[in-house]
Amino acid sequence: MNSLILETQNLTKSFTGFTAVNNVSLSFKPQSITAIIGPNGAGKTTFVNLCTGMFKPDSGRIIFNGEDITNFSPEKRVQLGISRTFQIVNIFPKLTVMQNVKIPLLSKGRIEELENILGIFQLGEKKDVPASELSHGDQKILEMAMAMATKPKILFLDEPMAGVNPAERSRIVNLIKDLRYEEKLTIIIVEHDMDVVFRIAQRITVMNRGSVIADGTPDEIRNNATVKEIYLRGVEV
Ligand code: ADP
Ligand code: MG
């Protein structure tokens, strides 16, 4: 058994003359929470898109549990246990909460898990509400529930706090921590809320202009001069 669940080796992806992800080599331990931070346009979402198969890299490799998955389709990666949520909520607004969660469960033949998933995400009482009528925070949570319905081993969360109010942020933070311990999940979170990032991550990776400029524990990142200058800019963390 490999002690790393996911590893990227020299991943590079360019869009018409512009390098969005530049030679990124990162590795992730099982059941860890890593935050990827950095300014807008740093390449964070592109990195997630490469790992989840939405884009193919121009060069480099992606290794999941010891297997080279660089050329696997997104569907195949979901089957292996790699799932994600999106920066912009990606749910079926006209369907109810329950119908939304049923879609990935049916595709995985796991419909008996419905009540359990609704319970974990505290969506049971809202199961007959159309997704469009949920608060923004609950929509983000529903999307996490849909991602978890595929029974992933690793979950990418792209800005789960974007547009979410403070009370709902606390709920999402607690859910993420519970998922790590109770579902033994590896979590990679892209997030701008530094309060959240420093509360939940064991490790923080900082990207700027496509490259990793720092990678370490929260304390190491907090005290990193380059990170302070480029990204934190006086924000107390
Ligand atoms: P972040 O998530 O860190 O804000 P992104 O990965 O979304 O950054 O974007 C990195 C850069 O790549 C940006 O300049 C963005 O405009 C560009 N980019 C991302 N996706 C595409 C795409 N599909 N086509 C062209 N350019 C893209
Ligand atoms: Mg992004």
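Every number in this text was worked out from the coordinates using simple rules, so none of it is lab data. Everything numeric in this text was worked out from a predicted model, so none of it was measured. Reconstructed Cβ throughout: ideal geometry from the backbone, glycine too, with neighbour counts over all protein chains shown.
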Angle in degrees between helix 166-182 and the longest Cα principal axis of the chain, rounded to the nearest 10: 90 degrees
Partner aspartates and glutamates for LYS127 [C-alpha distance under 17 Å; skip if fewer than 8 residues away on the same chain]: GLU112, GLU113, GLU115, ASP138, GLU143
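Using the number of other C-beta atoms within 10 angstrom as an exposure proxy, rank ASP58, ASP138 with the fewest first.
Numbers: ASP58 13, ASP138 22.
Ascending Cβ contact count within 10 Å gives the list ASP58, ASP138.
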Label point at ASP58 placed 7 Å out along Cα→Cβ; residues across region 201-222 whose backbone nitrogen lies under 20 Å: 207-213
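Which value in deg cm²/dmol, rounded to the nearest 500, describes the helix-derived mean residue ellipticity at 222 nm for the chain, given -39,500 (n - 2.57) per DSSP H run of n ≥ 4 and division by the residue count? Walk me through the intermediate numbers first.
Details: 8 runs with 76 residues, N = 237.
One gets -9000 deg cm²/dmol as the mean residue ellipticity at 222 nm.
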Environment charge of PRO30, counting only residues whose C-beta is closer than 11 Å and scoring Lys/Arg +1, Asp/Glu -1: +4
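If I take R0 = 41 Å and measure r between the Cβ atoms of ASP68 and ARG171 in this structure, what FRET efficiency does the formula 1/(1 + (r/R0)^6) give, to the nearest 0.05?
Working: r = 38 Å, r/R0 = 0.92.
Efficiency for this residue pair is about 0.60.
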Eligible lysines near LYS13 by straight Cα distance, threshold 17 Å, same-chain separation 8 or greater: LYS44, LYS56
Candidate lysines - alpha carbon under 25 Å from LYS126, same-chain residues fewer than 8 apart omitted: LYS94, LYS102, LYS108, LYS140, LYS151, LYS177
Sorted by Cβ density within 10 Å, fewest first, the residues MET207, MET194, MET148: MET194, MET148, MET207
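Under 8 Å for C-alpha pairs, at least 6 residues apart: give me the relative contact order for the chain, rounded to a whole percent. Mind dumping the intermediate values first?
Working: 441 pairs, mean separation 61.1, N = 237.
RCO, the chain: 26 percent.
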C-alpha long axis of helix 97-107 to longest principal axis of the chain, angle in °: 70 degrees
Selection from SER107, ASN22, VAL48, by position along the positive dipole direction of the chain (Cβ): ASN22
